[in-house]
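J.: First, the structure itself, so that you have it in front of you.
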Amino acid sequence: MRVACEACGGLLDVRYDWDRIPVPASLRDFEARWQTRRNPLDFSGVWRFRELLPFAPPEAIVTIGEGQTVLQASDSVGRYVGMQPGRLLLQYEGLNPSGSFKDNGMTAAATHARMVGAKTAACASTGNTSASLAIFASTTGLFRVVVFVGSGKIAFGKLAQALDYGALTLQIQGDFDDTLARVREVCERLKIYLCNSVNPLRLEGQKTIMYRVLESLNWEPPDWIVVPGGNLGNSSAFGKAFYELEQLGLIDRIPRLAVINAEGSNTLYRVHEQQKIHWNEGRTDGSAIDEFYAQMDAEGRRAATLATAIEINRPVNLVKCLRALEVCDGVVREVSDQEILEGKAQVGAGGFGCEPASGASIAGAKRLREEGIIAADDRVVCILTGHELKDPNSTVTYHSGEAKGTAAGRFANRPIVVENDLEQIIAALHKFV
Ligand code: F0G
């Protein structure tokens, strides 16, 4: 499958001719589908918005009930970030069938794979993309799946899913960037359908995360969307969603976007905030980006973060993300692993929990609040991209005070070791009750 322009190498982008497509007059019109949820397309949190991603005939759509996610206020996380009560909201994308936001995109990629008659699909992954692709294959039986993961670079919960869902799993000696480069070559050579976010149809599905946020807020755009940045598929999709909604006259204001890098994996931060390389109305300075990567290689800089999901050197959607940042008057920040783990611990203590990469949203919102860029009474939506149980190791090491390269967890909830003796157990409990 072709995902890039043969002339310039830039990734393809989906553009619709809206004049030829029926689009609802108001976002509120989508609410009619709440009445017809027995139709799997209306049940899906992605396809109930199908007029806004109109690339597939309804009979081709592959859905496994993705997108049943919720937006919830958390005042305790809000207090930590520095927000007034009711102003910080958490969008739990970990509630998807495979436990991450990827299912929003994979339902679209799987649909397109079916439309082109693909028998085998593949992806490279830090773990969640592979879990998502594998679950779509295992539950539908429509195609076989091959996943490429870097060696020792994947949280166990995610690897467990790929294995359990029956994906052929190749562990390559290398990091995510290496595996993505190889899988692109393999898919080209063996005519396998590629499901990474270089696939523009996948990003179409991820736009719906923003539609559901709007739906939860009674169609009123929030002031801020805060999202972790890895390969930059989500941020790119969010920008496209808002750009199109505004073009269609379905919203009158676009939220600001904050993309949060881990300090150890901060290409976007360096490019956008330090080198000031911007979208520039479509005239991004490509040679400046090439130079940036050449220097990164010359210095031997390689991404390293405890948030393995976002440990990426060359985010493939970099230019599309620059476009999103321009559309959404966006900013980029970098946060340390310590801040990421503390943000994650706050979501655990005052919400449903999340995996480390998602903690970057909280840490980033806190940083922007401290800088005064986010105001205490702004309405802020932090996207929690992955489920708490994806990476239990990171949670237990944090709470046990053993997380590598970080100081003892400020919010650690250590397990207490007690002898198998009633009196000693009661003595231990006396400190709490
Ligand atoms: N959060 C989680 C939990 C992720 O798994 C990823 C990406 C991101 C954030 C970053 O999102 O790429 O859209 O900027 N995981 C990919 C994977 C790379 O292979 O599962 P992005």
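J.: Answer with yes or no whether Ile251 is among the aliphatic types (A, V, I, L, M) and more than 14 Å from the chain's Cα centre (by Cα). Lay out the reasoning, then the answer.
T.: Numbers: among the aliphatic types (A, V, I, L, M): yes; more than 14 Å from the chain's Cα centre (by Cα): yes.
It is true that Ile251 is among the aliphatic types (A, V, I, L, M) and more than 14 Å from the chain's Cα centre (by Cα).
J.: Moving on. Answer yes or no: is there a residue in the range 108-121 that is assigned to a helix (DSSP H, G or I), under 17 Å from the mean Cα position of the chain (by Cα) and within 16 Å of the ligand (Cβ to nearest atom). First the steps, then the outcome.
T.: Filtering the range 108-121 down to residues assigned to a helix (DSSP H, G or I) leaves 108-115.
Then drop every residue that is not under 17 Å from the mean Cα position of the chain (by Cα), which leaves 108-109.
Restricting the remaining residues to those that are within 16 Å of the ligand (Cβ to nearest atom) gives 108-109.
Looking for residues that are assigned to a helix (DSSP H, G or I), under 17 Å from the mean Cα position of the chain (by Cα) and within 16 Å of the ligand (Cβ to nearest atom), one finds at least one in the range 108-121, hence yes.
J.: Being farther than 30 Å from Ala181 by Cα and touching a residue at least 40 places away in the same chain (Cβ under 8 Å) is the filter here; which residues of the range 9-23 pass it? Show your work before the answer.
T.: At the first step, the residues of the range 9-23 found to be farther than 30 Å from Ala181 by Cα are 17-23.
Of everything in the range 9-23, those that are farther than 30 Å from Ala181 by Cα and touching a residue at least 40 places away in the same chain (Cβ under 8 Å) turn out to be Trp18, Val23.
J.: Could you list, in sequence order, all residues of the range 154-164 that are touching a strand residue (DSSP E or B) at 6+ places or on another chain (Cβ under 8 Å) and open to solvent by 20 Å² or more (accessible area, probe 1.4 Å)?
T.: Passing the criteria: Ile154, Leu159, Leu163.
Here is a yes/no grid of residues against (1) buried (at least 18 other Cβ atoms within 10 Å of the Cβ); (2) within 16 Å of the ligand (Cβ to nearest atom); (3) closer than 29 Å to Leu89 by Cβ:
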site: Ile340; (1), (2), (3): yes, yes, yes
site: Gly343; (1), (2), (3): yes, yes, yes
site: Val347; (1), (2), (3): yes, yes, yes
site: Gly372; (1), (2), (3): no, no, yes
site: Asn393; (1), (2), (3): no, yes, yes
site: Ser400; (1), (2), (3): no, no, no
site: Leu429; (1), (2), (3): no, no, no
site: Val433; (1), (2), (3): no, no, no
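J.: How many residues does the range 249-272 contain that are closer than 29 Å to Tyr211 by Cβ, of a type outside the set (Lys, Arg) and open to solvent by 30 Å² or more (accessible area, probe 1.4 Å)? So that I can check it myself, show each step before the final result.
T.: Start the filter on the range 249-272 by keeping residues that are closer than 29 Å to Tyr211 by Cβ, which leaves 249-262, 265, 267-269, 271-272.
Next cut, of a type outside the set (Lys, Arg) only: 249-252, 254-255, 257-262, 265, 267-269, 271-272.
Checking the rest, the ones that are also open to solvent by 30 Å² or more (accessible area, probe 1.4 Å) come to 249, 252, 254, 269.
Number satisfying all stated conditions: 4.
J.: Working only within the range 211-229, note down all residues that are within 16 Å of the ligand (Cβ to nearest atom) and either open to solvent by 10 Å² or more (accessible area, probe 1.4 Å) or over 12 Å from the mean Cα position of the chain (by Cα) (or both).
T.: So the first thing to find is which residues in the range 211-229 are within 16 Å of the ligand (Cβ to nearest atom), and the list is 213, 225-229.
Result: Val213, Ile225, Pro228.
J.: For Ala118, state whether it is farther than 24 Å from Glu311 by Cβ, of a type in the set (A, V, I, L, M, F, W, C) and modelled with pLDDT of 95 or more.
T.: Working: farther than 24 Å from Glu311 by Cβ: yes; of a type in the set (A, V, I, L, M, F, W, C): yes; modelled with pLDDT of 95 or more: yes.
So Ala118 fits the description; yes.
J.: Could I ask something else about it? Go through (1) part of a helix (DSSP H, G or I); (2) among the polar types (S, T, N, Q); (3) buried (at least 16 other Cβ atoms within 10 Å of the Cβ) and name the single condition Thr63 misses.
T.: The failed condition is (1).
J.: Collect the residues in the range 402-419 that are at pLDDT 90 or above and open to solvent by less than 70 Å² (accessible area, probe 1.4 Å), keeping them in residue-number order.
T.: Within the range 402-419, Phe411, Ala412, Val418 qualify.
J.: Let me ask you something else. Being touching a helix residue (DSSP H, G or I) at 6+ places or on another chain (Cβ under 7 Å), open to solvent by 50 Å² or more (accessible area, probe 1.4 Å) and in a loop (DSSP other than H, G, I, E, B) is the filter here; which residues of the range 2-44 pass it?
T.: Leu12, Asp13, Pro22, Arg37 - these are the residues of the range 2-44 that are touching a helix residue (DSSP H, G or I) at 6+ places or on another chain (Cβ under 7 Å), open to solvent by 50 Å² or more (accessible area, probe 1.4 Å) and in a loop (DSSP other than H, G, I, E, B).
J.: Here's something else I'd like to know. What is the one condition in (1) open to solvent by 10 Å² or more (accessible area, probe 1.4 Å); (2) over 20 Å from Cys382 (Cβ atoms); (3) more than 20 Å from the chain's Cα centre (by Cα); (4) not aromatic (Phe, Trp, Tyr) that Arg323 does not satisfy?
T.: Answer for Arg323: the failing condition is (3).
J.: Can you give me the number of residues within the range 95-107 that are away from the ligand (no atom under 14 Å from the Cβ) and either part of a helix (DSSP H, G or I) or buried (at least 24 other Cβ atoms within 10 Å of the Cβ) (or both)?
T.: Residues that pass the stated criteria total 1.
J.: Still on this structure: Can you tell me which residue within the range 122-153, out of those that are modelled with pLDDT of 95 or more and either among the acidic types (Asp, Glu) or assigned to a loop (DSSP other than H, G, I, E, B) (or both), is surrounded by the fewest Cβ atoms within 10 Å (Cβ to Cβ)?
T.: The initial filter retains those residues of the range 122-153 that are modelled with pLDDT of 95 or more, namely 122-149.
Applying the additional criterion that residues be either among the acidic types (Asp, Glu) or assigned to a loop (DSSP other than H, G, I, E, B) (or both) yields 126-127, 141-143.
Working: Thr126: 25, Gly127: 29, Gly141: 7, Leu142: 16, Phe143: 21.
That would be Gly141.
J.: So, in the range 171-199, exactly how many residues are within 30 Å of Val380 (Cβ to Cβ), open to solvent by less than 10 Å² (accessible area, probe 1.4 Å) and assigned to a helix (DSSP H, G or I)?
T.: Qualifying residue count for the region: 0.
J.: Has the range 190-199 got at least one residue that is hydrophobic (A, V, I, L, M, F, W, C), closer than 15 Å to Val62 by Cα and under 19 Å from the mean Cα position of the chain (by Cα)?
T.: Here is the first cut: in the range 190-199, the residues hydrophobic (A, V, I, L, M, F, W, C) are 190, 192, 194-195, 198.
From what is left, the residues that are closer than 15 Å to Val62 by Cα are 195.
So of that shortlist, the ones also under 19 Å from the mean Cα position of the chain (by Cα) come out as 195.
Within the range 190-199, one or more residues are hydrophobic (A, V, I, L, M, F, W, C), closer than 15 Å to Val62 by Cα and under 19 Å from the mean Cα position of the chain (by Cα).
J.: Take Asn199 and decide whether it is under 18 Å from Ala122 (Cβ atoms) and within 14 Å of the ligand (Cβ to nearest atom). Explain how you work it out, then say what you get.
T.: On the way: under 18 Å from Ala122 (Cβ atoms): yes; within 14 Å of the ligand (Cβ to nearest atom): yes.
So Asn199 passes the test.
The values are calculated or read from the model by the stated rules, or taken from the named source; none is laboratory data. These figures come from a predicted structure and were not determined experimentally. Here Cβ is always computed from backbone atoms with ideal geometry, including for glycine, and neighbour counts include all displayed protein chains. Only protein heavy atoms, including side chains, enter the accessible area calculation; ligands, DNA and RNA are left aside. Shrake-Rupley method; radii C 1.70, N 1.55, O 1.52, S 1.80 Å.
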